[in-house]
Amino acid sequence: MVYYGDIREYIETLIKHDKLVRIKDEINKDTELMPLVRWQFRGLEEEQRKAFLFENVKDAKGRKFDSTVLVGAHGASTEIYALGMMCKPEEIIGKWEHAQSHPIKPVIIEHGPCQEEVHMGDTLLEHGGLMEIPIPISTPGFDAAPFLSACNWISKDPETGIRNIGNYRAMLKSPTRLGINCFSQQHLRQHWEKCRELKKPLEAAIAIGVVPAIGYVSITKIPYGIDEYDVAGGIAGKPIELVKCKTVDIEVPATAEIVIEGVLPTDSMEREGPFGEHTGYIYQQGVRPYFNVTCITHRKRPVYTCFISQFPPSESSKIRQISDNAVLYHHLKYHLGITGLQDVCWHEESGAWQFLVISMKKSFPNQPWQALKAADALDPWRGKIIIVVDDDIDARDLDSVVWALCYRMQPNKDIAIVPGKTASLDPSAAPPNAENPPGYPQGGADF
């Protein structure tokens with residue numbers, strides 16, 4: 001079966017499987033849209049959740065948009081995620097393993113639908129620039145502005161030229177400017193720091209409305225130096241087709257619905273936030289990089305896609321859980337040779353961020369510590385609590401996990417408190433007035 005050519009083809013699959021709700025009534029993107037979608041995460045079983053396509057969108061001022069808005073299409077549920085992978089739910093881990101072991105490099109083509117309409121130079125603002133895009137307010141009454149949430153940032157290491165695709169929220173600041181929340185451990189930020197040392201701006205592009213395979217790799221912790229397009233090709237089973245941007249040296253998915261091109265200055269930063277994050281808390285404003293737009297291209301009547309987050313369970317926690325389960329499983333089993341590994345589970349109750357359980361049949365007494373230390377080292381700012389249980393305990397069943405903690409563990413010999421984790425997005429550990437390191441503007445807790 002041939003993988004989806006674009007997000008529109010995927011929407012037809014969602015309709016076919018009764019996993020899409022089409023809203024033709026007028027809806028306010030600033031006050032109504034996201035709260036409506038969020039209801040299903042608070043009152044329905046996961047199997048009942050669906051994606052939403054809003055076809056008649058306005059803002060709080062009554063301005064109407066030519067675009068539609070798609071929410072929940074990547075991971076409102078495990079079943080929807082599996083449709084995006086084009087496999088059965090029980091085959092997701094295997095498909096991720098195959099994609100990581102058998103990546104397929106992208107191909108560059110001359111033209112693509114993503115450039116059906118081009119706004120640049122004197123015509124950049126002819127349709128309002130960024131204001132043409134119906135970006136919802138995720139947490140009405142609390143967020144400082146509309147934020148792009150399913151925005152796939154593409155940048156290049158200035159030394160090696162290797163691309164990275166990452167998902168970082170983007171704050172709408174003006175018709176030609178976005179803020180970005182990108183911590184020092186994240187790969188685009190490493191590109192930005194290298195360009196800062198070179199005293200030049202970082203070129204980048206944002207692709208919105210891409211095939212699910214690209215959306216999945218962008219939010220997954222793929223190791224630095226691996227081109228996510230290659231892994232997305234492995235998921236798709238075919239090369240991802242790319243086109244060159246109009247104003248920056250970046251390649252973007254040819255069938256993306258919207259592409260925003262521009263540069264991130266490295267000699268200055270601006271305030272960004274606050275924003276309702278996946279932790280269930282409003283993440284404070286801070287001094288962070290920003291993005292100056294040089295070109296906007298899009299398809300005719302584009303489909304604007306976004307994630308719903310703010311409190312688990314959510315689409316973002318489900319995507320993160322499934323994708324990062326697969327990446328960590330692959331790392332422990334194939335890179336470290338833990339052959340008795342049964343399962344890994346980032347629990348959604350923590351936003352699939354802070355609470356991790358690994359189930360394994362140990363081959364030697366201290367092998368659980370090998371798994372614990374490897375999981376801890378894989379990401380410097382995730383995994384506040386990491387637990388290894390025996391293979392007869394279901395890592396996904398918290399009742400079983402708590403039972404094992406009570407009757408198979410002694411705190412004085414089985415618990416290690418490891419220093420050195422970064423407290424990003426954790427309000428219990430990141431003081432509101434923490435300062436940036438010397439050489440940076442003060443006022444944010446991002447470093």
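The values are calculated or read from the model by the stated rules, or taken from the named source; none is laboratory data. Just so it is clear, the structure is predicted and the values come from calculations on it, not from any experiment. Cβ: placed from backbone, ideal geometry, glycine included. Neighbour counts: every protein chain shown.
A few comments on the model shown:
- Pick from segment 169-194, criterion surrounded by fewer than 22 Cβ atoms within 10 Å (Cβ to Cβ) and not polar (S, T, N, Q), ranking: nearest to residue 219 (Cα to Cα): 183
- Qualifying residue in segment 356-379 (condition: of a type in the set (S, T, N, Q), farther than 14 Å from residue 418 by Cβ, touching a strand residue (DSSP E or B) at 6+ places or on another chain (Cβ under 9 Å) and buried (at least 20 other Cβ atoms within 10 Å of the Cβ)): yes
- Boolean, residue 76 is assigned by TED's automatic domain parsing to the domain that holds residue 300, surrounded by 19 or more Cβ atoms within 10 Å (Cβ to Cβ), assigned to a loop (DSSP other than H, G, I, E, B) and touching a residue at least 60 places away in the same chain (Cβ under 8 Å): yes
- Scanning segment 293-322 for residues that are touching a Pro at 6+ places or on another chain (Cβ under 7 Å) and more than 19 Å from residue 40 (Cα to Cα) yields 299, 304.
- Test: residue in segment 388-408 that is farther than 23 Å from residue 324 by Cα and part of a loop (DSSP other than H, G, I, E, B): yes
- Scoring residue 358 on the criteria (1) within 21 Å of residue 315 (Cα to Cα); (2) touching a helix residue (DSSP H, G or I) at 6+ places or on another chain (Cβ under 8 Å) leaves a single failure, condition (1).
- Matching residues, segment 16-59, being surrounded by fewer than 13 Cβ atoms within 10 Å (Cβ to Cβ) and either hydrophobic (A, V, I, L, M, F, W, C) or not assigned by TED's automatic domain parsing to the domain that holds residue 213 (or both): 39
- Residue that is surrounded by fewer than 19 Cβ atoms within 10 Å (Cβ to Cβ) and without any contact (Cβ under 8 Å) to a residue 12 or more places away in the chain, where the choices are 159, 197: 197
- Out of 126, 79, sole residue that is over 19 Å from the mean Cα position of the chain (by Cα) and modelled with pLDDT of 95 or more: 126
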